[in-house]
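Enquirer: Attaching a single structure in structure tokens format; questions to follow.
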Amino acid sequence: MSDPRATSTTATETTATGTSPIEIRGGVELPAIREHIELQTSDGLTLVGELATPARRAPVATLVTLHPLPTAGGFMDSHILRKAAGRLPALADLAVLRFNTRGTSSPRGTSDGDFDGGVGERADVAAAMAFVAQRGLPNPWLVGWSFGTELAIKYGLEHPILGAILLSPPLHRATDAELAAWAGNSRRLVAIIPEHDDYLKPAEARARFAVVPETHFVAVENGKHLWVGEAMTRRVLDEIVAVVNPGALPLPSEWSGPAA
């Protein structure tokens, strides 16, 4: 099969001048260069997505995001991933790549193919990483949420990443052997577990992740699987930035520069 390829379509930069500080919450989009992109998989599918990069400087690191289960409503616009793309290019100098895995739809469009339960999606992860390499995006991290954590665990070690950040990992599809493969590896594994998760609560998660003693484990008090609410959004984004670009902390709650 041919190597995955990627193409870029439209690009816009949000640069309107703000007149007073705005509170950073909800769907606020801060300045970034936002590109509609297409990823080409090795099995001939076209996946739709978006790349958001800092408006005025080169990114210091890249988040390759993997969304929750599409058959349960997950897609590239699932709120934590959309808010990461809306805020972190401006607040933390990060590039954020989002895309719909095979058969998944969002306002951006529908990716080719059909949901394959995490099997065919191996090629989707590879296509995203091929795009990262093609564009020369620096210091890539996988950021998976729910189903996306399964893809990160199963396939992350096949790619030149610095590590994987797992939000609400259910550990349904990733096997114990696939998880244990991360042990002793230079690539970091970060597990962010909500206290009231529907599938894997902190105590059980600690037991499951014990096969990777190096795991950086974060239990979030009062958190739930879907990370609903601005307080939870900020906590998750803070934890991501603490791993990927800690010098950008603390993230502000107001923005007084150019506004989208």
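Enquirer: With each label point set 7 Å from Cα along the Cα-Cβ vector, what nm distance links GLU214 and THR110?
Expert: Placing both labels 7 Å along Cα→Cβ, they lie 4.2 nm apart.
Enquirer: Would you please give the FRET efficiency between GLN134 and ALA72, computed as 1/(1 + (r/R0)^6) with r the Cβ-Cβ distance and R0 = 25 Å, to the nearest 0.05?
Expert: Working: r = 31 Å, r/R0 = 1.26.
E(calc), rounded to 0.05, equals 0.20.
Enquirer: Okay, moving on. Treat each spin label as a single point 7 Å out from the Cα along the C-beta direction, and report the LEU157 to THR175 distance in nm.
Expert: Rounded to a tenth, the inter-label distance reads 1.2 nm.
Enquirer: So in the stretch 54-172, what percent of DSSP beta bridges are antiparallel if you round to the nearest 5? Don't jump to the answer; show the numbers that get you there.
Expert: Details: 2 of 16 bridges.
In the stretch 54-172, approximately 10 percent of DSSP beta bridges are antiparallel ones.
Enquirer: Please give the charge dipole size of the chain, origin at the Cα centre, charges +1 on K and R Cβ atoms and -1 on D and E Cβ atoms. Round to the nearest 20 debye. Before the final figure, lay out each step's value.
Expert: Working: 23 positive and 29 negative charges, 85 e Å.
In total the dipole reaches around 400 debye.
Enquirer: For ASP93, ASP176, what's the fewest-to-most ordering of other Cβ within 10 Å of each Cβ?
Expert: ASP176, ASP93
Enquirer: Under a 5 Å amide H to amide H cut-off, with H placed in plane at 1.01 Å, what residues pair with ARG188 once short-range neighbours are removed?
Expert: Here the answer is GLY163, ALA164, since their amide H atoms fall under 5 Å of that of ARG188.
Enquirer: Then there is this: Treat the count of other C-beta atoms within 10 Å as a stand-in for reagent exposure and order THR233, THR104, THR110 from fewest to most.
Expert: In order of increasing Cβ crowding within 10 Å: THR110, THR233, THR104.
Enquirer: OK, next. Quote to one decimal, in nm, the extra length available between ARG187 and VAL28 on full extension: 0.36 nm per residue of separation minus the C-alpha distance between them.
Expert: 54.0 nm
Enquirer: I've got another one for you. Please go through the stretch 193-260 and write out the chymotrypsin sites (Phe, Trp or Tyr not before Pro) that DSSP classes as loop and that have at most 15 other C-beta atoms within 10 Å.
Expert: Answer in residue order: TYR199.
Enquirer: Next question, about the same structure. What is the extension gain from ARG206 to ARG57, computed as 0.36 nm multiplied by their sequence separation minus the C-alpha to C-alpha distance, in nm to one decimal?
Expert: Length difference between fully extended and current span is 49.8 nm.
Enquirer: If you find the alpha carbon centre of the stretch 203-254 and of the stretch 96-122, how far apart are they in angstrom?
Expert: First find each Cα centre; the distance between them is then 25 Å.
Enquirer: Please identify the trypsin sites (Lys or Arg not before Pro) of the stretch 114-202 that satisfy two criteria: DSSP loop assignment and at most 16 other Cβ atoms within 10 Å. Which are they? Spell out each step's value before the answer.
Expert: Working: sites: ARG122, ARG135, LYS154, ARG173, ARG187, ARG188; in loops: ARG173, ARG187.
Hits after loop and neighbour filter: ARG187.
Enquirer: Rounded if a/c is under 1.5, else prolate if a/b is larger than b/c, else oblate: which is the chain, with a ≥ b ≥ c the root eigenvalues of its Cα gyration tensor?
Expert: The shape class here is oblate.
Enquirer: Please state the relative contact order of the chain as a whole percent: Cα pairs under 8 Å, 6+ residues apart?
Expert: 21 percent
Enquirer: Quick one: work out the % antiparallel among DSSP beta bridges in the chain, nearest 5.
Expert: Numbers: 23 of 48 bridges.
Once the DSSP bridges in the chain are tallied, antiparallel ones form about 50 percent.
Enquirer: State whether the stretch 138-260 is rounded, prolate or oblate according to the following rule on the C-alpha gyration tensor (a ≥ b ≥ c being the square roots of its eigenvalues): a/c under 1.5 gives rounded; otherwise a/b larger than b/c gives prolate, and the remaining case gives oblate.
Expert: Oblate is the answer for the stretch 138-260, as a/c is 1.5 or above yet b/c matches or exceeds a/b.
Read the figures in this text as sums done on the coordinates, not as results from a lab. Remember, it's a predicted structure, so these values are computed and weren't measured experimentally. Virtual Cβ from ideal backbone geometry, glycine too; neighbours counted across all protein chains shown.
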